[in-house]
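Below is one structure, written out as structure tokens; comments come after it.
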Amino acid sequence: MEYMVGVVLALGVSGLATVVGLDRDRAFYPTLTIVIASCYDLFAVIAGSLHALMLESAGIAAFLLLSLIGFRFTLWWVVAALAAHGVFDWFHGRLIADPGVPSWWPMFCLAYDVVAAAYLSWLLGFSRVAARSNRGHSR
């Protein structure tokens with residue numbers, strides 16, 4: 001069930017973003033990736049676990065960096081970040097003991113991340129969104 005909800009929600013959010021034009025702005029998917037990665041920090045705060053918060057913050061920093069690189073240069077880095085976050089979700093419980101993470105979250109988030117990565121890849125492959133920033137090579 002968690003996987004199905006993640007798939008449906010990712011398709012719904014991404015599809016709506018395309019229909020109304022939100023994803024024409026190159027910042028949409030990098031911002032989405034940053035928000036997705038930040039959820040684990042929220043769970044650590046809810047649980048009151050400073051140790052988990054520190055570990056989760058290291059993960060967020062990595063996905064933040066990939067998102068910013070992707071925004072600055074090419075959105076293919078954001079595709080990689082979303083897909084990598086899906087892998088992170090799969091292994092999360094074995095890597096970080098965060099008592100605030102709901103039992104269903106890793107499966108839901110994995111499905112969402114992978115579908116969002118595939119959708120962005122589709123957008124880039126069909127040139128529906130610019131992969132590269134015009135600013136990245138002008139300086």
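The values are calculated or read from the model by the stated rules, or taken from the named source; none is laboratory data. In this text, all values refer to a predicted model and were calculated from it rather than measured experimentally. Cβ atoms come from the backbone with ideal geometry, glycine included; neighbour counts cover every protein chain shown.
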TODO: Scan ALA97, ALA61, ALA52 and give me the residue that is farther than 22 Å from ASP25 by Cα and part of a loop (DSSP other than H, G, I, E, B).
DONE: ALA97
- [ ] Find all pairs meeting these conditions: Cβ atoms under 6 angstrom apart; at least six residues apart or on different chains; first residue within region 14-39 and in contact (Cβ under 8 Å) with a residue 40 or more places away in the chain and closer than 14 Å to ARG72 by Cα; second residue among the aromatic types (Phe, Trp, Tyr) and surrounded by 15 or more Cβ atoms within 10 Å (Cβ to Cβ).
- [x] PRO30/PHE71
Task: Condition check for LEU66: surrounded by 14 or more Cβ atoms within 10 Å (Cβ to Cβ), over 24 Å from MET4 (Cα atoms), in contact with a Phe, Trp or Tyr (Cβ under 6 Å, 6 or more places away or on another chain) and in contact (Cβ under 8 Å) with a residue 24 or more places away in the chain - done: yes
Task: Exclusive hit being in contact with a Gly (Cβ under 6 Å, 6 or more places away or on another chain) and surrounded by 21 or more Cβ atoms within 10 Å (Cβ to Cβ), set ALA44, ALA10 - done: ALA44
Task: Given (1) surrounded by 13 or more Cβ atoms within 10 Å (Cβ to Cβ); (2) free of Cβ contacts under 8 Å to residues at least 12 places away in the same chain, index of the condition ARG72 fails - done: (2)
Task: Unmet requirement for ALA61, which otherwise passes all of (1) surrounded by 16 or more Cβ atoms within 10 Å (Cβ to Cβ); (2) farther than 22 Å from ALA131 by Cα; (3) small (Gly, Ala, Ser) - done: (1)
Open item on the list: Looking at PHE88, PHE108 in this structure, which one is surrounded by fewer than 23 Cβ atoms within 10 Å (Cβ to Cβ), more than 22 Å from VAL19 (Cβ to Cβ) and over 11 Å from the mean Cα position of the chain (by Cα)?
Closed with: PHE108
- [ ] Hey, could you check region 1-47 for residues that are within 16 Å of the chain's Cα centre (by Cα) and of a type in the set (Asp, Glu) and say which is modelled with the lowest pLDDT?
- [x] ASP23
